[in-house]
1. Show me 198-204, 367-373, 245-251, 153-159 ranked by packing, highest mean number of other Cβ atoms within 10 Å first.
2. Based on DSSP, what percent of beta bridges with both residues in segment 6-369 are antiparallel, to the nearest 5?
3. Kindly rank 31-42, 11-22 from highest to lowest mean number of other beta carbons found within 10 Å of each residue.
4. Hull surface divided by four, with the convex hull built on the Cα atoms of segment 6-369: how many nm²?
5. Go ahead and estimate [θ] at 222 nm for the chain from helices alone: -39,500 (n - 2.57) per DSSP H run with n ≥ 4, summed, over the residue count, rounded to 500.
6. Would you please put 119-130, 79-90 in order of how densely packed they are, using the mean number of other Cβ atoms within 10 angstrom per residue and starting with the highest?
7. Once the piece of chain linking E61 and L339 is laid out straight, how much longer is it, given 0.36 nm per residue of separation minus the C-alpha distance between them?
Amino acid sequence: MIDDTITVFWHDRMLDHEPPAGTYKYPSSPMIADDERHPDRRERVKNIKAMLDHALPEATEYESPERATRDEIERVHDSEYVDWLESFCADGGGRIEDTTTGANEATFDAARMAAGAAMAAARTALDDDGSVPYALCRPSGHHAQPTCADGFCFLNNVAIAAEEALAQGADSVAIVDWDVHHGNGTQEAFYDRDDVLFVSAHADHGSWHPEYHPQEGSLEEVGTGAGEGYTVNVPLPPGTGDRGYDVLFERVVNPIVREYDPDLVLVSAGQDAGAADPNARNLATRDGFLRLGEHVRHLADETADGRLALVQEGGYQQSHLSFATLGVFEGLLDRRVELEQYGTDDPFAWLEEPTELVDSWLDKAVEHHQEYWDLE
Ligand SMILES: [Zn+2]
């Protein structure tokens with residue numbers, strides 16, 4: 001069972017990754033006078049650490065991970081791709097063709113550290129020491145597919161962590177992905193398998209590149225062969241907020257994970273469903289993320305003897321990400337931190353969500369996934 005501390009797996013090397021600047025996440029344009037730093041900037045994770053150090057100092061422990069080895073990475077990724085990524089970064093990196101994904105000379109090493117952090121978090125969960133493991137990964141991982149980088153991701157941290165859990169003796173792993181983007185890389189890694197359940201709720205952004213991101217994240221992508229039914233996609237409409245995410249878990253995520261009954265719950269914890277995130281149009285606040293933290297803690301307690309590990313994915317409004325992630329930690333720890341002493345609360349919680357629209361989309365998801373799961 002979980003106690004009242006968080007173990008954050010972190011290494012400063014993950015700050016050294018920096019994608020190329022441009023017009024927001026895109027290449028430079030003559031219409032923009034000064035290039036903007038890429039939205040995957042190091043302040044994202046620095047601010048999460050700063051929030052933890054101020055809001056939950058007595059409840060936070062840091063551990064330094066080991067880099068994932070080549071063999072561990074190749075449980076998920078093809079060796080040709082890993083060769084390419086290593087030499088691309090060794091040559092200085094740059095933008096990958098016409099995508100929004102780019103690297104520098106530190107990216108491969110940082111990505112190995114991030115994957116190692118996710119693996120260490122999974123091992124800690126299996127060891128049942130009571131503390132909640134949180135891998136504060138950068139770069140993120142859930143868009144990285146076995147054969148390519150995508151969506152600011154290079155190595156699929158949560159997939160590599162799931163494989164590590166299976167290698168350590170777990171029989172089944174449930175991955176819950178609440179990042180506002182579809183975890184297409186994770187889906188791809190386990191699409192034909194039933195030993196890893198993948199549940200992703202995300203904005204309905206569809207495919208964003210024919211070569212690097214062909215997956216749609218649609219209801220219809222349910223897995224193949226032995227994996228049929230074990231990929232569960234739930235597209236959400238723009239404006240989905242705290243209430244919508246709560247209903248999503250009550251109606252879809254919780255019953256499916258309970259029915260699957262995994263040995264370990266892994267969470268792709270991207271807080272870019274946050275209101276004001278520049279990479280999405282959803283409206284979750286610190287309070288909503290607190291509920292998400294509660295939901296996954298309870299799910300792990302009910303199904304996996306409390307074995308739970310979280311892996312950082314996206315979140316790009318660099319101030320709000322720390323408030324949203326504080327909400328996650330508060331939910332995990334079943335406590336609420338009084339922030340007034342620091343002069344601010346969630347600074348973006350001021351828009352109402354379109355509840356009828358959200359409910360109608362969730363009705364469609366429930367109806368679709370009833371083919372495989374006992375949903376109401
Ligand atoms: Zn995302």
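Read-outs: derived from the displayed coordinates by stated rules, not from any lab. Just so it is clear, the model here is predicted, and its values are computed rather than measured. Note that each Cβ is placed from the backbone with ideal geometry, even for glycine, and that neighbours are counted across all protein chains shown.
1. Ranking, from highest mean packing down: 153-159, 198-204, 245-251, 367-373.
2. 20 percent
3. By packing density, highest mean first, the sequence is 11-22, 31-42.
4. Convex hull of Cα atoms, orientation-averaged projection: 17.0 nm².
5. Calculated at 222 nm, the ellipticity per residue is -10500 deg cm²/dmol.
6. Top of the packing list down: 119-130, 79-90.
7. Stretched fully, the E61-L339 segment lengthens by 98.0 nm.
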